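*Asks:* Structure in structure tokens, see below.
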Ligand code: SF4
Ligand code: FES
């Protein structure tokens with residue numbers, strides 16, 4: 001097995017260690033792929049799909065924060081198909097939760113020309129504010145279900161495993177047992 005892999009990202013050839021994600025391979029040549037659920041110090045779970053890119057020959061877009069490089073891969077990080085997908089994902093996110101206090105997401109919405117009202121009229125996650133302890137306020141109306149808090153509470157940091165998803169479908173929130 002070779003230790004390195006050479007692929008092409010947006011027309012640029014790059015050689016990286018085998019096992020590198022497409023997100024990290026792109027970063028090595030100065031290409032920033034937008035992410036929402038991903039955090040560099042946590043296990044990536046590929047939940048939001050904002051980081052999806054187009055790989056020639058692949059039927060569907062792939063999440064670059066979890067997809068690994070392969071020899072000869074040809075990747076497009078800003079094709080029209082990719083941009084349309086990101087726009088729709090962000091429009092759906094903005095229709096479901098209040099992202100106004102998430103500057104990175106607001107910037108992505110501007111970058112991809114998001115029409116925040118495209119899914120207006122669809123249900124919004126209206127969850128009462130929880131101010132029930134001295135340490136922090138929980139406002140799940142702003143929770144994008146990125147899973148990072150669950151990951152921190154579990155094997156990535158705390159090993160407490162107190163948090164998990166609670167409820168189903170549109171009613172899903174982060175909760176304790
Ligand atoms: S509460 Fe957890 S899942 Fe929701 S946005 Fe914050 S870190 Fe992400
Ligand atoms: S950042 Fe890759 S799936 Fe969310």
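Rule-based calculations on the coordinates, nothing more; no lab input. This structure is a prediction, so every number in the text was calculated from the model and none was measured. Don't worry about glycine lacking a Cβ; one is built from the backbone with ideal geometry, like all the others, and counts go over all protein chains shown.
*Asks:* For a quick check: sort 88, 41 by the number of other beta carbons within 10 angstrom, fewest at the front. Before the final figure, lay out the partial values.
*Replies:* Working: 88 16, 41 9.
Going from sparsest to densest Cβ surroundings: 41, 88.
*Asks:* Treat the count of other C-beta atoms within 10 Å as a stand-in for reagent exposure and order 130, 61 from fewest to most. Write out the running numbers ahead of the final one.
*Replies:* Values: 130 11, 61 19.
Result, fewest neighbours first: 130, 61.
*Asks:* For the chain, what does -39500 (n - 2.57) per DSSP helix run (n ≥ 4), summed and divided by total residues, give at 222 nm, in deg cm²/dmol to the nearest 500? Kindly include the intermediate steps, with their values, before the conclusion.
*Replies:* Details: 4 runs with 37 residues, N = 177.
After summing the helix terms and dividing by residue count, I get -6000 deg cm²/dmol.
*Asks:* Take every Cα pair under 8 Å in the stretch 1-124 that's 6+ residues apart, average their separations, divide by the length, and report that relative contact order as a whole percent.
*Replies:* Working: 194 pairs, mean separation 29.2, N = 124.
Relative contact order here is 24 percent.
*Asks:* For residue 88 and residue 130, compute 0.36 nm times the residue count separating them, minus their Cα-Cα distance, and round to one decimal in nm.
*Replies:* On the way: separation 42, 0.36 × 42 = 15.12 nm, distance 3.00 nm.
Full extension of this stretch gives 12.1 nm more.
*Asks:* Output needed: percent of Cα pairs per 10 Å distance bin for the chain, bins running from 0 to the one holding the longest distance.
*Replies:* Using 10 Å bins, I get a P(r) of 9, 31, 33, 20, 6, 1 for the chain.
*Asks:* Continuing with this model, one more query. List residues of the stretch 64-106, by number, whose backbone nitrogen lies under 12 Å from a label position 7 Å along Cα→C-beta of residue 32.
*Replies:* Answer for this model: 104-105.
*Asks:* Under a point spin-label approximation (7 Å from Cα along Cα-to-Cβ), what is the residue 170-residue 6 distance to one decimal in nm?
*Replies:* According to this spin-label approximation, the distance is 5.2 nm.
*Asks:* While we're on this one: To the nearest 10 degrees, how steeply does helix 80-96 sit against the main Cα axis of the chain, on a 0 to 90 scale?
*Replies:* Its long axis makes an angle of about 10 degrees.
*Asks:* Hey, another quick one. Kirkwood hydrodynamic radius (Cα pairs, Å) of the stretch 5-108?
*Replies:* Values: mean 1/r = 0.0707 Å⁻¹.
For the stretch 5-108, the Kirkwood estimate is 14.1 Å.
*Asks:* Follow-up. At what distance in angstrom do the alpha carbon centres of the stretch 103-177 and the stretch 3-72 lie from each other?
*Replies:* Centre-to-centre distance over Cα atoms comes out at 25 Å.
*Asks:* Relative to the present Cα-Cα distance, how much length would full extension add between residue 159 and residue 104 at 0.36 nm per residue of separation? Before the final figure, lay out each step's value.
*Replies:* Values: separation 55, 0.36 × 55 = 19.80 nm, distance 2.84 nm.
This chain segment gains 17.0 nm when fully extended.
*Asks:* Quick one: order 114, 75 by neighbouring beta-carbon count within 10 Å, fewest to most.
*Replies:* Working: 114 22, 75 28.
Arranged by neighbour count, lowest to highest, 114, 75 become 114, 75.
*Asks:* Starting from the 7 Å offset along Cα-to-Cβ, what nm value, one decimal, do you get for the label separation of residue 56 and residue 137?
*Replies:* Taking the two extended label points, one gets 5.2 nm.
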